Every structure is written in structure tokens, then in C-alpha cells.
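To start, the structure itself, in C-alpha cells.
The values are calculated or read from the model by the stated rules, or taken from the named source; none is laboratory data. Quick caveat, the model's predicted, so the values are computed rather than measured. Note that we place each Cβ from the backbone using ideal geometry, even for glycine, and neighbour counts take in every protein chain shown. These area figures cover heavy atoms from the full protein model, side chains too; ligands, DNA and RNA do not enter into them. Shrake-Rupley method; radii C 1.70, N 1.55, O 1.52, S 1.80 Å.
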Amino acid sequence: MGGKFESLRIEYQDVLRKSFKTKSAETIETKAKQFTKTAADLKAPLDQAFRDMLLELLEQEVNVAVLREFVDFSVLCCRKDLSNPTMPVVLLSDIFDALTLDACQEMFLYVENNVEVWKENLFFSCCKNNLLRLCNDLLRRLSRSTATVFCGRILLFLAKFFPFSERSGLNIVSEFNLENTTEYGTDSSQDTVGDIEGEEKKNAVIDFTFYCKFWSLQDFFRNPNQLYSKVQWKLFCTYATSVLNTFQGLKLEHVENGSYCNESTNKMYFSKYLTSQKLLDLQLYDVNFRRSVLLQFLILFQYLSSSVKFKSDSFELKSDQKEWIQNSTDKVYSLLRETPPDGKRFAEIASNILSREEYWNAWKNDGCPELKKSVVALESPDKRKTDDRPLLGDIIKDASSQDKFYMGNPELTKLWNLCPDNLEACKGKERDFLPTLEDYFADAIAQMEAPTPVKDEDNLLKDGNYGWRALRLLAKRSPHFFIYSSVNNDPLSSYLEVMIKKIAHDKPGRSQENSQEVQQADVEEENLFKDTQVDEGAEDIKPSEGEEFMDEKSTRVDYKITPAQLQLFSEQVAPNWKQLANKLGFKTDEIQFFTQENVKEVDQAKNMLQLWFDDDEDATLDNFLYILEGLEMEAAAELVRNEINSMDT
């Protein structure tokens, strides 16, 4: 049996070298078909051939790129069922054992980039333990102080690779790292203070007693369960009160390049602070140091107040202890808000993080159940498959094929698909908020048909607001509004009275009842709309008193602007001509053109006005006056108004 294995291994070595050069597994597949053995019997010799060839590559000291290609080739063979799925990770373990730490760091980038490969069903179950062992071996070789970044990369990879609920990566029973001890000096002879700024402030509070109290708190942070002892609790309260009062008395001032609060662009982070007595007076004025200590207080207080499944039944706080924790928590948050820079924002972020920690604690109390993503499909709940978890891209693709939208939220998806065509939705009947003619004029018709006359102050037809809305509604709804093009100068109430009689006649069931009134309304309408246009040379028609149907400006002949008027208007609007140009509808590039073509503001304004009067159909003096009044250009508006009056006389 051993001889057969050895002969197969040697044959596979030659085939493997050729296949690796071409990066194709077809030669290996052809070779495997020549043997009359099962696939399982052929995988072991090929696996050993892979390891033998890797040893040759390592002895040749090839670069990391070649080693990456070799592992990629082993992945290809695994997917073609030629080799065992554990082979790529076994090769990676051999590679990391043979490389230097610098080369390992470069090779580990390949492991990180292929995390999705290792998570595939083919590799995950059989490779997860090997990958975990590989990473732990690397961490043991690395120094946590000098290779902090590389250690962090390894831990991040493990977090991405293993599922969120993987129990091997969770602290299930809420154990504390009791090995993380903080050592500090206990010799009072070292009670000296260095030469730094603010000597007069520090000597009053920084002594050996305070130094011991401060660093003794780290033991409580390391193991919070000892606080359920009465003696330890009193000791902690004394030390914590002293430290928090000191922080409250030593206010920090945010100076950009100062010695107390120096927030430089290259922010430094220390995983563990030094505990020298000479440094404490400096550390108390350091923003990051102070925030680190205050956050430790908040984490400890939350643990003591939270319900943790694996706490002993005797670990329970009394009412006075809970009250002290609440007061101290408020005090810590107050200190965080007072700590510059951005103290308020930092305190809010810390509060949000700790509130999310409560959900994490509840999840662990429930036994760390597997987290599943809930995907809302477009189909009804009856048709939706609970065991399928389609990808977001597939959902959007399916929705698009049905001419629907998927908005990521069930309510938004339902709302958006009520009418996929937004323009048609805006045209829907339910979006028409205008009243009908019959509903709007119902009260006015009732007043007209009343046996007793209505007083002027109660007459709707003589209400200006009612009349203005009535004209807009008639323009939208009534076929009678655009029959006559002649200008009417009679009161608005008379015009509305004629229109209302016609509307009342058009109502169902009234066509035969008031035929005499209809004929009378037609006669009134003809008299009302007789040609009253101003003939050339005729005197102006004086408008009637009271409300008018059309403004008197409608009767005026539109005059063309003269060169003298153009020059006059240009000089008046020159200081604000760009504002006027925007109102007249000129775009930014057109305004820029006027500026480039003309040096003086007057010439720029003149060029703009000339084009507007020549090209715009609505370019009349009346409209020009209306625009100037809207822009509150009073002087220019008065000038245009005088010119209009002079032309009318």
C-alpha cells in the first residue's frame, strides 16, 4: 500500500509542476482518469505532492507573489474535486511557518483578501479550525507592543471570517481578563513633581496618596465583581469620588498648539499608559488620558447595573448603591461634556455606544442565538418562502422585471408601487382638489334666487376674494369663460352674475324650468360683451367704480421701447442689473456673456434689456414695471411708470 502511495505521489509531482506552469488543472484531471482508484484514494497523494512542491519553492526562496499563485492553484484543484478542501489552508500554515514576520505580513494580505473564499461551503467547515490555529500561531510569534497593527489585522480577519454567533469567538460566560494587572510604585519616597507648566495648580492635588488612589482603581476596572464586597465597595467609592472631584477641579483649556490640550493631526494611541508617579501630573491634563479613565467608569457602572446571566445570585446592588452609581454616571457625563474639544459630541457618542451594549448583553443572556437577516420580498406573505434568503441585488432585479420598485422598506415599497408612473399619479382624480362649479357657486346661486335682496356686505359676488377665486375656477371649469375675447370694463359682480345664471341653467333638471331667465341672461351677456376696445385716437374708457373684471392695463396699447427709453432704463437698473437678469429668465452663462462683452455696467444692462425687449413675447413696459416692483427697485419702477403715463396722455 505504501509503495502504491509513493508511486502515485511521484507521478503527481511531475504532473503538478507542468500544470502549475500553465495554471491549468486539465492535465491533473487527465492523469487522475488514468488510475482505477476512487477519488478519495487519489486525493491524498496529490495533497502530499502539493506540500512537496511547496517545500521546493520555499527552498528556492521565491517571492510572495509565487506562493500566492501556488495557493490559488490548490484552490482551483479543490473546486475540481481533485484535492481535499483543507489543502489551501495547510499550505498557508506551512508557508507562515517558513517565512519571516515581514514576509508573513505581506502573505497575510492574501488571506485577508480571500476571506470570501474561505467562507464558501466547500472550505468553511473543514478549514475553520486550521485557519484559527494558523492565526493563533501567528499571534504567538508577534509582539503585541511592536506589531500592534499586524495583530489587529489578524483579529479583524477572524471577526470577518467566523459568523457573528460563532461560540468559539465569544466570551459566553462573561469572564474577565484577570491577567491584565496594572503595576504602580508604592514607595512614597518617589513623591516628586517634574518641572512643567502649571506647577502652582498641581502641587495642591497631586500627591502620593492621590497617586495610589488613582491607579488602585484599575484593579476594580479589571475585576468589577469584587465591588459586591462591602469593604471593597467603600474603598472604591472613596477612590472614585476623589478622582472625579480632582477632574472637576482641574479644568482643561483647549489650545490648538498648547501644552494642556494638544490635538495634533498625528493622534497617538497608547494601549496601556505608563504609571510613573512623575507622569501623573502631566497625564491629568491630557485629553485622551482623561477620557479613557472616564469611559472606564461608565463601562464599570453599566456592568454593575446590568442583568448578566452568569452573575452570581449574591451579586446584587442595594438601593443606596444604585443611587450612588446613577449620580456618579451623571457626573462622569458632565465631565466628558466639559472636556474639550467637542466634549458634547464625544459624550453623545459614548452614550450611544453604551446603549447599544445593552442589546449585546441581552443577546448573550439569550444564549447567543444565530442572527438571521430578514429580507422583505415584493410577494405576499403567503407566497414568500421563509427558508430562502435572496440577495438584495436579486430582489431589485426581480422587481424591475415586474416594472416595480423595491425601496428596502415594506411600507415605502407598497407606497411607491401604488402607481409606478409618477406623472400619471399626479394627474389622478384623487389629486384634483378644485371644487366643482356647482359646489363653489351654490351659495351665490342661493343668494340670487332668494326672494329678498341680499345686502352688499353679505353679497358674495361683491367680495373681492370670492370673485378672484371664482375667475380662476371659471377659467379651469367653465366653457363660457373663453367665448368672448372682447375686453370688459363692467364691475366683476355683474360679470359673475351672468356666469352664475348660465351655470345654474346647466345644472341637471333645470334646462326647461328657467328658459326665460336664460334668454334674459343671454341678452345681458351680449350687452356686457359689446366691443369696447379702444380705437386708435379714441378717448380712454373710464373704468367703473368698485371691482373691475380686467385691469385697466389690459386696454392699453403696447408701445415699443425707444432707444432713449432703453438708455434711460439701463442707467437706472445698472447697479442691480444681474438680479434683474435672473428675474427676466437669463441663465448664468448668458449673464456672463453680457459681462464679458461690455465693460461698463450700464452697457451690460443695456445689452441685456435690448435682447429681452426684442426676443421675449411678454416684453412690454407694463410687465417690465411689474417685475421692477416685485424686485423693489422703486426708483427704476417710478421711471418706467412715468414713461407709461406720458405715452397714455
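Structure values in brief
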item	result
The stretch 591-612-the stretch 625-649 distance, computed between alpha-carbon centres (Å)	21
Difference of contour (0.36 nm per residue) and Cα-Cα distance, R469 to N598	41.8 nm
Net length gained if the chain between F289 and D342 were fully extended (0.36 nm per residue, minus Cα distance)	17.5 nm
Whole-angstrom gap from the stretch 120-192 to the stretch 423-445, using each part's C-alpha centre	70
Of the GluC sites (Glu not before Pro) in the stretch 138-187, those whose Cβ has at most 10 other Cβ within 10 Å and which sit in DSSP loop	E175, E179, E183
Within-14-Å neighbourhood charge of E323 [Cβ basis; K, R +1; D, E -1]	+1
Under-5 Å amide H pairs with L99, H placed in peptide plane, nonlocal only	none
Pairs beyond 22 Å (Cα-Cα), from K427/K583; K31/K128; K455/K501; K462/K501	K427/K583; K31/K128
Sites R79 and L170, calculated FRET efficiency, Cβ-Cβ separation with R0 45 Å, nearest 0.05	0.90
Area accessible to solvent at Y303, 1.4 Å probe radius, in Å²	40
Potential extension, A39-E438 segment - 0.36 nm per residue separation minus Cα distance	134.8 nm
Integer Hz, Karplus 6.51/-1.76/1.60 couplings in order for the stretch 596-612, x for Gly and Pro	6, 7, 10, 8, 7, 5, 4, 5, 5, 5, 5, 4, 5, 5, 4, 5, 5
For the stretch 43-51, 3J(HN,Hα) per residue [Karplus equation, 6.51 cos²θ - 1.76 cosθ + 1.60, θ = phi - 60°, Hz, x = Gly/Pro]	6, 4, x, 5, 4, 5, 5, 4, 5
Table column - 3J(HN,Hα) (Hz), the stretch 350-357, Karplus curve with 6.51, -1.76, 1.60, x for Gly and Pro	4, 5, 5, 5, 5, 5, 5, 5
Net charge, S174 excluded, C-beta distance under 11 Å - Lys, Arg +1, Asp, Glu -1	+2
Net charge of Cβ neighbours under 14 Å - reference L631; Lys, Arg +1; Asp, Glu -1	-2
